[in-house]
Amino acid sequence: MGRLFFYSLFYKLAQFATGTLWRQINRQTDNKKPMKYPTLAISLAGLALATLPLQGTAANAAENLYRDNCAGCHGGEPPAVPAGQAARTIREGLADRGMPAFGAQLSDGDIRALAELLDARSRAQSSPSAPGPLTGTAIPAQNLNPEQSSGYQLVNSEADPDLRYVGYFNTGSSLCYDDIDLSGVRSVELEYANGNLDPGRFALIAHTGNGEPVHLGEGTTAVTGGWENFRSLRVGLSQQLEGPHQLCFGGVAGSGIFNLHSFTPSGQPGRNEGITQRFDLTPRGLSLRIASDALSAGGHRFRLEPVASAPGELWDMDFLPDGTAIATQKEGRLWLFKNGERRGPVSGIPAVKYEGQGGLLGVTVHPDYAENGWIYLTYAGAGDSGAMTTVVRGRLKGLRWVDQEKIYTAPDRFYTGTSHHFGSRLVVRDGYIYFSVGDRGHRDGAQETGDPRGKIHRLHDDGRIPEDNPFAAAGGAAASVWSYGHRNPQGVALQPGTDAVWAVEHGPRGGDEVNLIQRGRNYGWPLITFGINYDGTTISEYNQREGMESPKHHWTPSIAVSGIDFYTGDQFPSWRNHLLAASLAAQQLHLLRIDSDKVTDDQILLDGTGRIRGIRGGPDGYPYLLIGRDIFRLEPVEG
């Protein structure tokens with residue numbers, strides 16, 4: 001057993017001793033009666049004094065452990081976490097949050113000491129000067145229950161090292177906080193920031209773990225002018241509750257609803273904006289309720305049916321020949337799904353840079369998987385100066401990732417500290433791979449053919465440079481480039497019956513594009529665009545120029561287009577060979593009817609279903625969608 005454990009034991013005995021002596025003195029003073037057991041009390045008091053240095057040593061040792069193992073990611077101030085949860089998290093890690101396991105590195109005594117340090121913080125914050133409700137007590141946003149929260153990231157501000165908050169909270173995200181005493185609470189005051197152009201909407205939900213969650217109302221986060229410009233918002237509760245509950249924030253609508261610094265339960269009244277969205281309680285926390293009513297669009301009636309879920313946000317998926325789905329969880333996990341059951345995570349996958357839009361991203365099964373077993377992954381790979389889109393391939397051996405081969409890495413000089421625009425979709429055809437790399441926030445580089453950012457790349461499926469690539473003779477970074485002038489292509493698909501490659505990309509404020517990708521062509525970003533800067537200023541006066549390809553279709557305002565796939569199944573005959581396009585901010589699924597090389601119609605199949613990250617046709621003929629951490633399937637409905 002660790003030395004810190006004995007220090008802790010002695011300190012608890014010291015606390016008991018001090019309390020005994022103090023009670024004896026009070027009893028004597030109040031009742032004017034002689035002190036009982038004076039020798040024992042004085043002896044215990046002496047023991048208390050003797051153990052005070054041990055207490056300091058134990059506390060210092062625990063703080064040193066925190067500093068050496070935790071502070072680099074969690075900041076200098078230890079978070080507040082109940083002891084049982086803290087010990088389990090320290091020992092096992094949280095792979096879906098990017099936190100490593102320390103079970104093999106730290107002794108049981110060290111883990112216990114760290115857990116007690118975090119538990120002391122938890123008790124201090126959840127127990128004000130007098131027992132009772134938490135009204136008026138600010139609760140740091142990072143003190144959430146990570147096992148029942150999803151769709152967020154813990155952020156340490158680069159501008160202010162002392163500023164820590166929960167960021168990237170979107171539609172379908174959930175943040176849950178344990179043991180919040182709601183006695184006397186009539187509203188919740190948030191300290192939040194919204195750097196978006198539009199307001200976001202969130203819900204407050206409470207539950208005790210038994211029965212249905214209680215929906216307490218919704219609030220709107222007004223724009224604050226920056227993602228670290230925090231302001232206060234009070235949201236009134238639709239009903240008053242008594243006693244401890246788990247209190248959760250659920251993302252209702254918006255791409256970037258808020259960054260949350262803290263919240264304060266309050267006894268003051270407040271207003272809310274009603275209840276427009278419901279959340280279901282699952283073993284992993286809250287999940288946005290998706291309507292299961294039959295819908296009619298695109299010439300068919302259909303229903304959105306849940307299939308499976310993961311612990312965190314899913315980014316891409318594909319299918320093995322036996323119907324098993326393989327999906328990436330952005331935080332750095334690879335899962336297998338069969339008949340609704342989740343298996344994994346797969347061990348041995350590469351480490352990813354999970355920050356902002358980066359993480360474990362695309363997954364594509366080789367068309368000849370039955371013969372060669374290859375699976376391709378794209379992800380944000382870390383380098384000395386930041387991160388960059390990386391491509392590898394490997395094989396599965398049970399739940400292990402084996403035989404990994406590096407397919408694409410950019411030269412070191414193109415790695416950057418920005419955390420957005422990785423692109424990262426990949427397709428395979430006839431022995432070639434095509435994959436997208438976003439401009440990584442360096443828009444001018446999209447026009448430089450020697451810069452790999454803002455491009456669609458083409459390689460042999462083993463990573464070799466094809467001799468007929470348009471800039472292969474130039475060598476260096478340009479050799480893999482197939483087309484250029486792209487902003488952030490997050491969807492790439494192969495048109496059936498043709499050699500055509502199609503891609504969609506995020507515009508800035510407006511100007512999401514659908515493009516037919518052709519060898520060596522310039523798609524214009526940032527010299528032509530239908531969009532403007534997020535602050536309303538002009539990017540370019542032109543949306544078309546000679547020598548540059550105009551989009552086949554565009555969305556202004558933006559829908560935040562994401563994954564795409566040509567539907568080739570038999571379940572929805574009128575959709576066959578047309579393009580399904582998912583969207584994040586608009587929460588829509590579009591059907592684009594394509595005649596040869598033209599988009600002739602754009603129909604909305606789903607609207608308001610949550611942020612749809614990916615779409616993939618399954619071998620059973622059903623389209624599968626990724627919405628948050630859940631997999632859904634579109635099924636036809638008779639009548």
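The values are calculated or read from the model by the stated rules, or taken from the named source; none is laboratory data. Just so you know, these numbers come straight off a predicted model, no measurement behind them. Methodologically, a virtual Cβ is constructed for each residue, glycine included, from the backbone with ideal geometry; neighbour enumeration extends over all protein chains shown. When the accessible area is computed, the model is the full protein with side chains, heavy atoms only, and any ligands, DNA or RNA have been set aside. Shrake-Rupley method; radii C 1.70, N 1.55, O 1.52, S 1.80 Å.
Here are some notes:
- In this rough spin-label picture, where each label sits 7 Å from Cα along the Cβ direction, the residue 402-residue 568 distance is 2.9 nm.
- If you take all other residues with their beta carbon under 11 Å from the beta carbon of residue 105, and give Lys and Arg +1 and Asp and Glu -1, the sum is -1.
- Projected label distance in nm at residue 289 and residue 351, using a 7 Å step from Cα toward the beta-carbon: 4.4
- Counting 0.36 nm for each residue step from residue 620 to residue 158 and taking away their Cα separation leaves a gain of 161.6 nm.
- Solvent-accessible area of the stretch 139-287 (1.4 angstrom probe, protein heavy atoms only): carbon and sulfur portion equals 44 percent.
- With a cut-off of 9 Å between beta carbons, the residues surrounding residue 201 carry a summed charge of -2, where Lys and Arg count +1 and Asp and Glu -1.
- Derived scalar couplings between HN and Hα for the stretch 301-307 equal 9, 7, 9, 8, 10, x, 10 Hz in order, rounded to whole Hz, by the Karplus curve 6.51 cos²θ - 1.76 cosθ + 1.60 (θ = phi - 60°), x for Gly and Pro.
- Legend: calculated FRET efficiency, residue 533 to residue 296, from the Cβ-Cβ distance at R0 = 45 Å, rounded to 0.05, equals 0.70.
- Partner aspartates and glutamates whose Cα lies under 18 Å from the Cα of residue 598, excluding those fewer than 8 positions away in the same chain, are identified as 499, 505, 512, 513, 549, 565.
- Table column - 3J(HN,Hα) (Hz), the stretch 414-430, Karplus curve with 6.51, -1.76, 1.60, x for Gly and Pro: 9, 6, 9, x, 5, 10, 9, 6, 8, x, 5, 9, 9, 10, 10, 8, 6
- The distance linking the stretch 325-380 with the stretch 583-631 is 21 Å (Cα centroid to Cα centroid, whole angstrom).
- Virtual spin-label span in nm between residue 120 and residue 607, 7 Å along Cα→Cβ: 5.7
- Calculated FRET value between residue 543 and residue 499, using beta carbons and R₀ = 25 Å, to 0.05: 0.35
- A Förster radius of 60 Å combined with the Cβ-Cβ distance from residue 637 to residue 442 puts the calculated FRET efficiency at roughly 0.80.
- Probe 1.4 Å, protein heavy atoms only - accessible area per residue of the stretch 295-636 in square angstrom: 37
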